[in-house]
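Novice: Supplied in structure tokens, the structure appears directly below.
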Amino acid sequence: MKDSPEVVLVYREIDRLQTCLSVMTTGKREFGGATLREESQCTEPASSDLSPHGALEKLSKKDVMKEKFRETEDETADTDEFGAETFSTEEDLNASVFVEAPAETSERLDTNTSNRETNVRLSSQDSFSEDSSISEERLAEEAEEAKKKSKEEEAAAKEREAQRQMLAIEELVQSERNYIRLLEISTPPPANLDSMFLYIEDVIDVSSRLLSLLDQKPVEPGDPLFLKTLCDSFLSLSSDIEAAYKEYLANYTNITVVENGYKQKEALWNEIVRVIKASAPEVNATSLSFFLVMPVQRIARYPLLLQTIQKHTERTHPAYGLLEQTAHTSIALNCRINEYKRFREVADKYKKTETLTIKDKINRLTTHSIAKKTARFSQLIKHETGIAPKLVDEEFDALEGFFYVLEHGILELLENVETYLHHLQGFLACKTEEFDLDMDGEKAPICYKEITTALRQMRTLIHKPLCALRDLLVGPRNLIRKRLDKLLDYELIEAKSTLSYEEHAVANTYRTMNTLLLNELPRFNEVALQMIWSMLGTFSCLHKDLASDMEQLFQSFAQQLPHSSLNPSTFWKWAESAVLEGAGRLEALCQSVEDTLNAPAVQPLSPSSQRRLKQLTDKHGSGKIYQVMGTVVGSRDLDLNLARGELVAIISEADSRGDKRRWLVDAGGRRGYAPCSKLIRYHQATEDPPSSPFLTPPDGMTEIRRHSYTPESRPLTVMSRPCFQILAAYDFTARGNHEVSLRAGEPVRVLERHDKRGNPEWSLVETRGGKRGYVPSNYLTMVPLGTGPPGTYQPYC
């Protein structure tokens, strides 16, 4: 280490003074000055040989030299009173000696000088060694004090960091308690505010579980183990925290919309504010947003609080690694929640179904939208024609195919369930107690309770969930369709090296929708499939229970039915024969009804139609005459245009190509083709109606003539006073509202000789009391007036 300039100047001044002193004392003490001069000259080399100790050591050396200089001056002052003269005389002598002394004297002087210099150098080194040892001891003490002070400062810093760590932990725990307390004020919400507090109970539950884990172990926030307990508790509940908060935050936009809607109703909003202030007066809340925004703020504070604790925790702490992991987990948790919220916003934007009129759609058309749709259509045509390759995502294609299969199955199941419920409802409308089942007992088979219960359960457990599931299919279906549009837009910009801001937005939208569908569509398909299997199982159980109840119910009524005493084999033979016989009668009835309905009503022919009928009959015969049932409009060459009721004659029952569906007909001069399905054989009008099998009118009675019998024909109109009366030959008990009861010999008046279907086995009659109804025709008999068994009724005509 080099000496400072000030120290060097001091050394030089000391040397100069020593030189002067030696010259002054030369005359009195021989070569004394040389010794003192050598001592002063040895100062600088000696100081350079010693080890440097800084500026402090050099200043102490300077003080020592000054003290020696003062001692030398005192010695000089103690000389005799003739010192001054001696000094001047000696000075002159020295000058003359130095000038005139021979060489021999000079050599002796040099030898003495060197000896004295060596002695002075040794004494100087001893004095400097003592000074250096003193300085080293002092510096060691100062270093020890500085080290001690540094340790004290480090201990104080550690204590401050520990205090700050404890305060940060206490802040996290205490703020969590206050957070739960304020949230619990808002639960349970009123019935009309349920949509605003959706998922808030899940948030309260997961926060309460976090605090309960911290309270289970008997440690305080200042205990080092408490930090490990805190980190373990947070990490164990991280998945539950994410699940609860991400649903709440995704629904928070809807919460604000609902709240703004309530604010529009002044009276309702004032009441809500009053209830809030009464429930939590200490927080001075003036709106629901004060409570509803707390979960949004709380999930974002977890990383800040954990990072603050980490900042004031030493790396040597046992739980530092776990704390660092917990902080990173909280940050990742917030990132995933934000990403999920962004996905939900995209899904909510594109899954909505809008019902727009043609006018609204036209108003939405702009130059940009037309250009975009044109580009998509062009890209789609390129895909279909193979001009441009299509981006293929096998994973998404498999999910999409399964979704559409699932959708078809849900719609089919819903349709079948609705048909089943319709049949149950129809069975309830059929009142079994009003039918005569030839039962011996008096109790009617009533089963309304069992069917009503089954119907209600079917609607609640199967039909309503199926309808809700059908409505949920709309969102994924719209997203899948919108993804195709965004895919076409993405393919147009994929090959570009640089993208604009709008093109970046298009690409990000497609990637977001694709990722959303790949993540959410498998879960939707899985849940929907589970619901279908569950509803099918429920339907099977309900149907089985209904069948069992109905079987037990009708077992008591089965004993009252006819043929119940037969053994099973005989009963089934009888049942089979009865069913076959009934089926034959039903088939005959259906055929007769079909013939009756297909037969055209015979009306009086016009003179021109009569002339055509005569012309066609003379030319082709009566067996070839057909009548048109409906208007025929020709659609091919040689087809005829015919009106309903027009008469034609059949020439050929096939066209020139052998097609038997087109017949060649003669329309009285015009010839052409007509469809055989529109033609029916013409029946000639009869002169007299068929005679009644059970009521034969006497001679002398006339009636209105008609061409043929039809169900709409009117009853017989008697032109003169009858000479006969109709009586009931046997007792008859009505079995329904459409029948009337009769006693044997009771006179009746016949209103119609058949029922509404034209069946002559039943007759519509009117009794003397004015009651009307059907009775079997063979229960009636015709007798002359004034005859009959004694005690019978008076004639009723």
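The values are calculated or read from the model by the stated rules, or taken from the named source; none is laboratory data. Not measured: the values here are computed from a predicted model. Counting neighbours? That spans all protein chains shown, and the Cβs are built from the backbone with ideal geometry, glycine included. Surface accessibility is based on the protein's heavy atoms, side chains included, excluding ligands, DNA and RNA. Shrake-Rupley method; radii C 1.70, N 1.55, O 1.52, S 1.80 Å.
Novice: With respect to Ile387, determine if the residue is within 20 Å of Ile493 (Cα to Cα), open to solvent by 100 Å² or more (accessible area, probe 1.4 Å) and among the aliphatic types (A, V, I, L, M). Explain how you work it out, then say what you get.
Specialist: Working: within 20 Å of Ile493 (Cα to Cα): yes; open to solvent by 100 Å² or more (accessible area, probe 1.4 Å): yes; among the aliphatic types (A, V, I, L, M): yes.
The answer is yes for Ile387.
Novice: Out of the residues in region 614-658 meeting the condition of being touching a residue at least 12 places away in the same chain (Cβ under 8 Å) and basic (Lys, Arg), tell me which one is surrounded by the most Cβ atoms within 10 Å (Cβ to Cβ).
Specialist: Lys624
Novice: Out of the residues in region 752-797 meeting the condition of being of a type in the set (A, V, I, L, M) and surrounded by 13 or more Cβ atoms within 10 Å (Cβ to Cβ), tell me which one is modelled with the lowest pLDDT.
Specialist: Filtering first and then ranking leaves Val783.
Novice: Looking at Thr460, is it part of a helix (DSSP H, G or I), among the polar types (S, T, N, Q) and within 18 Å of Glu345 (Cβ to Cβ)? Please lay out each step first, then the result.
Specialist: Details: part of a helix (DSSP H, G or I): yes; among the polar types (S, T, N, Q): yes; within 18 Å of Glu345 (Cβ to Cβ): no.
Against the criterion (part of a helix (DSSP H, G or I), among the polar types (S, T, N, Q) and within 18 Å of Glu345 (Cβ to Cβ)), Thr460 does not qualify.
Novice: Right, here's the next one. Thr286 - would you say it is in contact with a Lys or Arg (Cβ under 9 Å, 6 or more places away or on another chain) and not in a helix (DSSP H, G or I)? Spell out the reasoning first.
Specialist: Details: in contact with a Lys or Arg (Cβ under 9 Å, 6 or more places away or on another chain): yes; not in a helix (DSSP H, G or I): yes.
Criteria met by Thr286.
Novice: Please enumerate the residues belonging to region 228-279 that are open to solvent by less than 30 Å² (accessible area, probe 1.4 Å) and over 30 Å from Ile169 (Cα atoms). Walk me through it before giving the result.
Specialist: If we filter region 228-279 for residues that are open to solvent by less than 30 Å² (accessible area, probe 1.4 Å), which is where we start, we get 229-231, 233-234, 237-238, 241, 244-245, 248-251, 255, 259, 272-273, 276.
If the condition is that a residue be open to solvent by less than 30 Å² (accessible area, probe 1.4 Å) and over 30 Å from Ile169 (Cα atoms), then Asn251, Ile255, Glu259, Ile272, Val273, Ile276 are the ones that fit.
Novice: A further question on this structure: Please work out if Thr538 is under 25 Å from Pro465 (Cα atoms) and of a type in the set (S, T, N, Q). Spell out the reasoning first.
Specialist: Values: under 25 Å from Pro465 (Cα atoms): yes; of a type in the set (S, T, N, Q): yes.
It is true that Thr538 is under 25 Å from Pro465 (Cα atoms) and of a type in the set (S, T, N, Q).
Novice: Just wondering, is there one or more residues in region 390-413 that are closer than 19 Å to Asn478 by Cα, outside the structural domain of Asn478 (by the TED database) and open to solvent by 70 Å² or more (accessible area, probe 1.4 Å)?
Specialist: Among the residues of region 390-413, not one is closer than 19 Å to Asn478 by Cα, outside the structural domain of Asn478 (by the TED database) and open to solvent by 70 Å² or more (accessible area, probe 1.4 Å), which makes the answer no.
Novice: Note down all Cβ pairs under 7 Å where the first residue falls in region 285-298 and is farther than 14 Å from Met196 by Cα and modelled with pLDDT of 80 or more, the second is among the β-branched types (Val, Ile, Thr) and buried (at least 18 other Cβ atoms within 10 Å of the Cβ), and they're at least six residues apart or on different chains.
Specialist: Ala285/Ile276
Novice: Please pick out the residue among Thr353, Thr357, Thr374, Thr367 that is under 22 Å from the mean Cα position of the chain (by Cα), more than 30 Å from Leu167 (Cβ to Cβ), of a type in the set (Val, Ile, Thr) and open to solvent by 30 Å² or more (accessible area, probe 1.4 Å).
Specialist: Thr353
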